[in-house]
Amino acid sequence: MPPEGYKPSYAGPYGGDFDQKDVKAGARVHLPVLVPGALVFFADPHAAISDGIVTGTGVECTSTVRARISLVKHERVERPLVEVDDTLQVLGFGPTVEAATEDATRAAIRVVSRGTGLDPEETYMLLSIVGELRIGTSPRPVMAARLIVPRETLAAAGWRDRA
């Protein structure tokens with residue numbers, strides 16, 4: 001659930017409308033559960049969308065969603081994480097693109113450090129070599145970005161799944 005004063009159409013650490021084109025069939029999305037009895041909804045599908053959605057919209061369409069939802073009680077998820085196409089993607093949010101990319105970077109350092117056992121400085125250096133920053137939602141009150149890390153790199157660094 002979004003914090004008071006925010007709409008579900010705003011992106012944030014709770015999920016919301018973060019418009020990431022890699023959230024597609026076959027993707028695994030991990031969302032934090034911030035309140036007891038939290039709900040999940042799917043909305044705003046796109047037939048096509050670009051990174052950054054420059055005009056604020058993609059090719060809007062209807063969709064039928066089939067999802068398997070699991071509550072993992074002992075998984076530490078502080079924000080949306082996406083597993084897709086042999087990558088782990090850590091989402092970040094902020095009032096500007098710069099703030100969103102910084103938030104994604106800081107969050108990725110925490111997630112990868114926790115999952116590999118590398119210290120945060122080593123993780124920061126690793127992400128500067130292999131990580132890719134991409135813009136998600138841009139022309140909105142809350143911007144979204146993601147830092148993409150290849151799973152092959154995570155495995156080589158000693159990744160323990162579900163960090």
Inter-part distance where the range 83-155 and the range 34-81 are each reduced to a Cα centre, Å: 18
Using Cα atoms only, what is the angle between the long axis of helix 120-130 and the major principal axis of the chain, expressed in degrees (0 to 90) to the nearest 10? 70
Could I have the simple spin-label model distance between residue 34 and residue 155, label points 7 Å from Cα toward Cβ, reported in nm to one decimal? 3.5
Distance (nanometres) between label positions extended 7 Å along Cα→Cβ at residue 110 and residue 83: 2.0
Gyration tensor (alpha-carbon) shape descriptor, the range 55-157, a/c threshold 1.5: oblate
Sorted by packing (mean other beta-carbon atoms within 10 Å per residue), highest first, where do 118-131, 30-43, 75-88 land? 75-88, 118-131, 30-43
Once the dipole of the range 1-104 is set up with Lys and Arg at +1 and Asp and Glu at -1 on Cβ about the Cα centre, which of 71, 89, 25 lies farthest towards its positive end? 71
Can you give the charge dipole size of the range 67-163 about its Cα centre, rounded to the nearest 20 debye, using +1 on the beta carbon of Lys and Arg and -1 on the beta carbon of Asp and Glu? 440
Angle check, please: helix 97-116 long axis (alpha carbons) against the longest principal axis of the chain (alpha carbons), in degrees 0 to 90, nearest 10. 50
With contacts defined as alpha carbon pairs under 8 Å and 6 or more residues apart, what's the relative contact order of the range 13-142 in percent? 31
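No value in this document is a laboratory result; all are computed from the given coordinates. Predicted model, so just to flag it, every value in this text is computed and none were measured. No Cβ is skipped: glycine too gets one built from the backbone with ideal geometry, and neighbour counts run over all protein chains shown.
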